[in-house]
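This report refers to the structure that appears directly beneath it.
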Amino acid sequence: MKKTLKILPIVSFVIGIIAYIIVWTTQESRKTTYHTLYSMGKASWAFLLAIPLCVVSLVLAIKFKDRIAIIISVVLSIIAVAIFGSSFLNAQKYSFDEKDLIYIEEKVNIDFPSDASIIVDGSAENNVDVNGKKAKCVKEGAIWFEEGYNFYDRIKSDTRWESKMPDDGEKFISTTFESATLGCDHYFYESTLNGEIIILAYDKDRNLLYFSCYEMKG
């Protein structure tokens with residue numbers, strides 16, 4: 001019995017991990033790095049499936065006074081709840097508000113089609129020191145378009161776009177943004193008189209547009 005009490009919470013935790021993987025991989029398609037991170041947080045509730053068996057093991061361990069089983073049950077329960085809590089809260093920081101589309105349109109003077117969609121990473125808190133001033137990331141994420149609309153047709157004659165990330169833009173991009181835009185082939189960088197910095201990266205093959213917006217402070 002005591003051996004079973006030690007194994008039971010471990011088995012339940014493994015079940016939670018398997019359930020998480022299944023839920024995560026069967027969610028809607030993950031178009032971008034930001035969607036992947038968001039879906040990981042949404043699927044984290046599956047870790048809670050480990051809790052019932054851990055509680056059963058804990059109750060029995062207390063009854064049979066198995067100290068090791070008690071510790072295992074409590075520790076794995078705490079880990080499962082902690083993973084769920086942190087991942088769930090992180091998922092809440094993502095938004096799909098079309099007002100952010102309008103914000104990008106106004107800043108770069110580029111019209112998006114009415115059916116364009118956006119995901120915004122509200123947890124992006126990348127801050128950069130530039131010439132004694134701090135630049136704070138205010139918006140970061142991706143924009144995608146319905147099949148049949150080619151954003152490249154909209155920007156191919158726009159001379160503000162370059163074939164590589166401008167050196168000034170390299171100072172600001174976060175690790176997530178850099179990773180997400182590895183396959184991009186068109187880049188936009190603009191610094192306004194109001195201290196706003198707009199960075200765009202377009203992946204022509206996938207028809208995806210990434211954005212990162214900063215505000216200078218101080």
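The values are calculated or read from the model by the stated rules, or taken from the named source; none is laboratory data. Note that this is a predicted model, so its numbers are computed, not measured. Here Cβ is always computed from backbone atoms with ideal geometry, including for glycine, and neighbour counts include all displayed protein chains. Areas reflect the complete protein model, heavy atoms only, side chains present, ligands, DNA and RNA absent. Shrake-Rupley method; radii C 1.70, N 1.55, O 1.52, S 1.80 Å.
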Being exposed (fewer than 15 other Cβ atoms within 10 Å of the Cβ) and in a helix (DSSP H, G or I) narrows it down to one residue among 56, 75, 81; which is it?
75
Please work out if residue 191 is open to solvent by 40 Å² or more (accessible area, probe 1.4 Å), under 22 Å from residue 111 (Cα atoms), touching an Asp or Glu at 6+ places or on another chain (Cβ under 8 Å) and at pLDDT below 90.
yes
Test set (1) at pLDDT 85 or above; (2) in a loop (DSSP other than H, G, I, E, B) - residue 103 fails condition number:
(2)
Quick check on residue 183: is it assigned to a strand (DSSP E or B) and under 23 Å from residue 36 (Cα atoms)?
no
Scanning for something of a type in the set (Gly, Ala, Ser) and under 19 Å from the mean Cα position of the chain (by Cα), does the stretch 61-82 turn up at least one residue?
yes
Hey, does the stretch 4-17 have a residue that's free of Cβ contacts under 8 Å to residues at least 40 places away in the same chain and aromatic (Phe, Trp, Tyr)?
no
If you go through the stretch 8-17 one residue at a time, do you hit one that is open to solvent by 70 Å² or more (accessible area, probe 1.4 Å), over 30 Å from residue 209 (Cβ atoms), at pLDDT below 90 and among the polar types (S, T, N, Q)?
no
Please determine whether any residue of the stretch 98-119 is among the aromatic types (Phe, Trp, Tyr) and open to solvent by less than 50 Å² (accessible area, probe 1.4 Å).
yes
Criterion: surrounded by 14 or more Cβ atoms within 10 Å (Cβ to Cβ), modelled with pLDDT under 90, in a strand (DSSP E or B) and out of contact with any Cys (no Cβ under 7 Å at 6 or more places or on another chain) - qualifying residue of 138, 128:
128
Could you give every pair whose Cβ atoms fall below 9 Å, whose first residue belongs to the stretch 90-112 and is under 20 Å from residue 197 (Cβ atoms), and whose second residue is hydroxyl-bearing (Ser, Thr, Tyr) and not in a helix (DSSP H, G or I), counting only separations of at least 6 or pairs across chains?
101/117; 107/192
